[in-house]
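**Q** The structure is given below, and queries will be raised subsequently.
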Amino acid sequence: MMQTPASMVMGIVFSPLGLVLLFTAAITPQWREGQTRLSMSGSGSLLRSGLKGNGLGLRPGSVEALLLVRSDGLWESCLQVEKSELKQCWPVAGPYQRDPRVRLAQGLVLTSLFLCGTGIVLACIGVRCWTDLPLRGVTATGGLLVAVAGVLSLTALGVYTQNLGRLGMQEPRPGVNSSRFPHLSLHAAGSLYFGWLGSCLQVLGGGALMFSFKRPRRPTCPSCPTCPEVPVCPACRSCPVSNNKPSTDVYEVSC
């Protein structure tokens, strides 16, 4: 029975794990997060009445301000009142959706998921743990696809992280007092870290599978010092047996 090389085992383990982590990051809306305080006086009275309708009225003597948590993903955004169950999510829209950097990240992540899934299928076919000899070319091709997928997702994450605070942000219009609007401080959130980890695992797994391109050296027979050029049979690992006939140089190979 064949012993699966350690590089193949490493690739088969790391590649699906990276795919799962990247998929989790893609579908969750926590790529970036921001908090802002919203005053409950004046125009906030409508929000106050809505909160009271949900049983979230302010305590007497408390500061009339709410801490809102805004989170954005690639396909969904959410807004939640801190320390409450009041949360609203919606598909990304507006300037954030139209931002070319967000669209670039979306396209790269989708391409990465497709390539990684295809590469894992090829790698599983190539490893062929149920046979004696793996299909090294197929396995290495699958590893190449997985490694390319990891590079694409790393590119998407790098673009998003580099422009995290500017994505979807419009320049203030002339004559509009921007101090009237609450300031939103944005920072990286949990889904982004899942994406980074998954992408690194994809690159590692794909690189390990790509070692299959290198053919292993065929071992020589250790018990036949007079004929070191005769290889060991790869299927049954038995050495060729010499007939010890002085009149001939023919050897029998028992496989």
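**Q** Report whether or not residue 79 is out of contact with any Cys (no Cβ under 9 Å at 6 or more places or on another chain), assigned to a strand (DSSP E or B), surrounded by 10 or more Cβ atoms within 10 Å (Cβ to Cβ) and modelled with pLDDT of 50 or more.
**A** So residue 79 fails the test.
**Q** Here's a check for you: in segment 10-30, which residue that is open to solvent by less than 30 Å² (accessible area, probe 1.4 Å) and in a helix (DSSP H, G or I) is farthest from residue 155 (Cα to Cα)?
**A** 11
**Q** Kindly indicate whether any position in segment 35-42 is at pLDDT 65 or above and open to solvent by less than 60 Å² (accessible area, probe 1.4 Å).
**A** Checked against the condition, which is being at pLDDT 65 or above and open to solvent by less than 60 Å² (accessible area, probe 1.4 Å), segment 35-42 yields at least one hit.
**Q** When the residues of segment 125-168 are filtered to those that are among the β-branched types (Val, Ile, Thr) and under 22 Å from residue 104 (Cα atoms), which remaining residue is most open to solvent (accessible area, probe 1.4 Å)?
**A** 151
**Q** Do we have any residue at all in segment 107-121 that's more than 15 Å from the chain's Cα centre (by Cα) and modelled with pLDDT of 85 or more?
**A** So far as segment 107-121 goes, yes, one or more of its residues are more than 15 Å from the chain's Cα centre (by Cα) and modelled with pLDDT of 85 or more.
**Q** Let me ask you something else. Tell me the residue from 51, 58 that is in a loop (DSSP other than H, G, I, E, B) and modelled with pLDDT under 75, please.
**A** Step by step, each of 51, 58 is checked, and only 58 is in a loop (DSSP other than H, G, I, E, B) and modelled with pLDDT under 75.
**Q** Just to be sure I understand, how many residues within segment 83-98 are under 26 Å from the mean Cα position of the chain (by Cα) and either polar (S, T, N, Q) or in a strand (DSSP E or B) (or both)?
**A** Within segment 83-98, residues that are under 26 Å from the mean Cα position of the chain (by Cα) and either polar (S, T, N, Q) or in a strand (DSSP E or B) (or both) number 4.
The values are calculated or read from the model by the stated rules, or taken from the named source; none is laboratory data. Quick caveat, the model's predicted, so the values are computed rather than measured. Glycine also receives a Cβ, built like all others from the backbone with ideal geometry; neighbour counts cover every protein chain displayed. Only protein heavy atoms, including side chains, enter the accessible area calculation; ligands, DNA and RNA are left aside. Shrake-Rupley method; radii C 1.70, N 1.55, O 1.52, S 1.80 Å.
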